[in-house]
């Protein structure tokens with residue numbers, strides 16, 4: 001069903017992408033500014049600046065720095081965060097559970113609400129239900145997430161005092177960020193499911209199933225819905241990938257201690273080792289999710305032949 | 001005509017809103033009741049319509065006493081300009097990459113698609129920070145950042161279109177008549193991918209406006225005191241509880257624009273390209 005040759009090829013491609021992204025980030029972050037100037041007080045002397053630079057190895061040419069970095073990475077050492085003075089990789093992995101938790105709850109909400117809502121809209125096409133669902137879905141997609149966030153905080157945290165406005169630790173902390181992220185993803189899922197479902201319901205095999213005298217729910221769920229799952233999985237996969245890749249805006253608005261916020265603050269602090277480790281971890285998750293989505297295709301639809309592009 | 005109008009009511013509504021917005025943006029200097037940068041600390045943080053005198057400060061004033069309505073009108077200019085210009089860079093770039101990759105196939109295709117993967121996994125914010133650090137913050141640089149990072153959807157789309165096209169007879173016929181690669185790509189393949197590219201471009205425009213506002217929200221976009229919708233929202237953060245009009249109106253401006261563009265995109269997709277383009281609606285920052 002899934003050819004080993006295909007998996008091998010995909011893994012090789014993945015490795016190329018990961019090495020590529022490491023190189024590009026290594027180079028670009030060094031263009032973006034000097035961490036030494038940010039680490040020392042404004043009145044530090046030239047000698048002090050030079051000494052710290054030498055201490056951290058930033059006085060070397062970029063290719064030498066890169067070589068040293070690669071050597072250390074080969075032993076699993078991503079260096080020490082300049083700002084926190086702790087191992088960079090450990091800092092990232094420390095934040096990872098929060099991001100994964102947020103991504104999965106938001107995506108579950110999107111799936112659990114979006115899937116039935118899309119089916120309902122397609123079946124009752126052009127009804128009041130359909131129009132209302134589509135309006136809400138479009139709204140969710142058209143709002144900048146930081147604005148959704150501000151609004152949720154103002155209404156539910158400040159005015160009504162139902163949920164904490166920021167931080168993490170309890171389930172109640174999870175509600176508002178999940179709502180903000182979920183609103184966005186639910187809109188996409190609902191619209192996509194509806195579109196595919198309408199297409200599928202017009203197919204011959206659905207008419208045949210109806211003609212056989214199958215119950216309506218059997219036709220819908222066993223025949224129609226199954227056939228619109230492929231693009232839904234693609235979209236859920238892409239959504240999961242980009243949410244895992246750091247819901248940086250959401251995490252910042254709600255002060256959620258995730259990887260996205262860590263990356264952004266590390267970029268602003270020019271914390272080279274931390275940026276490097278965080279970007280790689282995020283990229284690994286991104287490509288793994290994509291790989292899993294591709295492989296799931298074969299499981300759901302045996303007709304899919306690997307090597308061809310996704311439908 | 002009536003049937004046509006009824007069927008495409010939403011699409012026409014979207015186009016109407018966008019045209020109105022474009023003219024408001026163009027006419028901002030005449031329409032705006034105040035200069036967008038005019039400060040007047042006497043009138044700090046006034047709620048909408050509370051200052052007497054023929055609708056002065058219809059949407060209230062901000063923490064420096066600047067007129068919110070005027071700033072939103074001027075903000076429309078910058079937001080629309082950045083969005084359109086960025087799409088105008090990203091679309092040709094992406095289409096060119098996609099056409100070349102799929103036409104030559106094999107190693108060229110592999111290489112370009114890996115570059116696309118790297119681009120997608122690359123943290124956009126690092127690119128923005130670097131460009132601002134190296135070149136300085138300006139509208140032009142912001143357009144460049146958004147333009148060069150937005151090419152991937154166009155490339156993937158035109159690539160998959162060309163894969164099915166290039167084996168067709170008319171390409172074979174053109175080649176046997178002596179057409180070179182460049183001619184085949186530009187005269188025979190390019191016209192065939194333009195329709196779906198227009199659909200993707202519309203959604204990308206909506207997305208770019210959101211990305212721009214998110215960047216300005218972080219202080220990486222257009223620099224103060226120039227007004228953009230994102231920077232107005234960013235400024236409002238400290239006054240969220242005391243001055244609702246500071247975050248409601250700029251946010252509503254973004255929402256209306258993006259909603260209108262998305263509606264037009266849906267309509268174009270329906271009219272031009274009945275096959276739904278799955279990946280058309282790029283990924284918004286979250």
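If we only count helices (runs of 4 or more DSSP H) wholly inside the stretch A:1-96, which ones have 3 or more residues that are in contact with a helix residue (DSSP H, G or I) (Cβ under 9 Å, 6 or more places away or on another chain), at pLDDT 85 or above and crowded, with 16+ Cβ neighbours inside 10 Å?
It comes to A:4-32, A:62-74.
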### Message
For the list (1) within 29 Å of residue A:243 (Cβ to Cβ); (2) buried (at least 21 other Cβ atoms within 10 Å of the Cβ), I need the number of the one condition that residue B:114 fails.
### Response
(2)
### Filtered residues of the stretch A:234-250 (kept if more than 9 Å from chain B (Cβ to nearest Cβ) and buried (at least 22 other Cβ atoms within 10 Å of the Cβ))
A:236, A:240, A:244
### Residues (surrounded by fewer than 17 Cβ atoms within 10 Å (Cβ to Cβ) and outside any loop (DSSP other than H, G, I, E, B)) located in the stretch A:159-174
A:159, A:171, A:172
#### Entry: Enumeration of residues in the stretch B:222-245 that are assigned to a helix (DSSP H, G or I) and closer than 18 Å to residue A:253 by Cβ
B:229, B:230, B:231, B:232, B:233, B:234, B:235, B:236, B:237, B:238, B:239, B:244
#### Entry: Which numbered condition residue A:183 fails, given (1) at the interface with chain B (Cβ under 10 Å from one of its Cβ atoms); (2) surrounded by 17 or more Cβ atoms within 10 Å (Cβ to Cβ)
(1)
### Task
Answer yes or no: is there a residue in the stretch B:146-160 that is within 7 Å of another protein chain (Cβ to nearest Cβ) and farther than 22 Å from residue A:26 by Cβ.
yes
### Task
Mind telling me which of the residues B:193, B:242, B:258, B:263 ends up being within 9 Å of chain A (Cβ to nearest Cβ) and surrounded by fewer than 24 Cβ atoms within 10 Å (Cβ to Cβ)?
B:263
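In the stretch B:206-221, what residues are under 17 Å from residue B:149 (Cβ atoms) and assigned to a loop (DSSP other than H, G, I, E, B)?
Let us first name the residues in the stretch B:206-221 that are under 17 Å from residue B:149 (Cβ atoms), namely B:206-216, B:218, B:220-221.
Passing the criteria: B:218, B:220, B:221.
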### Query
Looking at the stretch A:262-275, which of its residues are in contact (Cβ under 8 Å) with a residue 40 or more places away in the chain and crowded, with 22+ Cβ neighbours inside 10 Å?
A:262, A:266, A:267, A:270, A:271, A:272, A:273, A:274, A:275
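Given the structure, is residue A:195 over 27 Å from residue B:219 (Cβ atoms), within 12 Å of chain B (Cβ to nearest Cβ) and either in contact (Cβ under 8 Å) with a residue 24 or more places away in the chain or out of contact with any helix residue (DSSP H, G or I) (no Cβ under 7 Å at 6 or more places or on another chain) (or both)? Lay out the reasoning, then the answer.
On the way: over 27 Å from residue B:219 (Cβ atoms): yes; within 12 Å of chain B (Cβ to nearest Cβ): yes; either in contact (Cβ under 8 Å) with a residue 24 or more places away in the chain or out of contact with any helix residue (DSSP H, G or I) (no Cβ under 7 Å at 6 or more places or on another chain) (or both): yes.
Judged against the criteria, residue A:195 is a match.
The values are calculated or read from the model by the stated rules, or taken from the named source; none is laboratory data. Note that the coordinates shown come from a computational prediction; the quantities given were computed from them, not determined experimentally. Note that each Cβ is placed from the backbone with ideal geometry, even for glycine, and that neighbours are counted across all protein chains shown.
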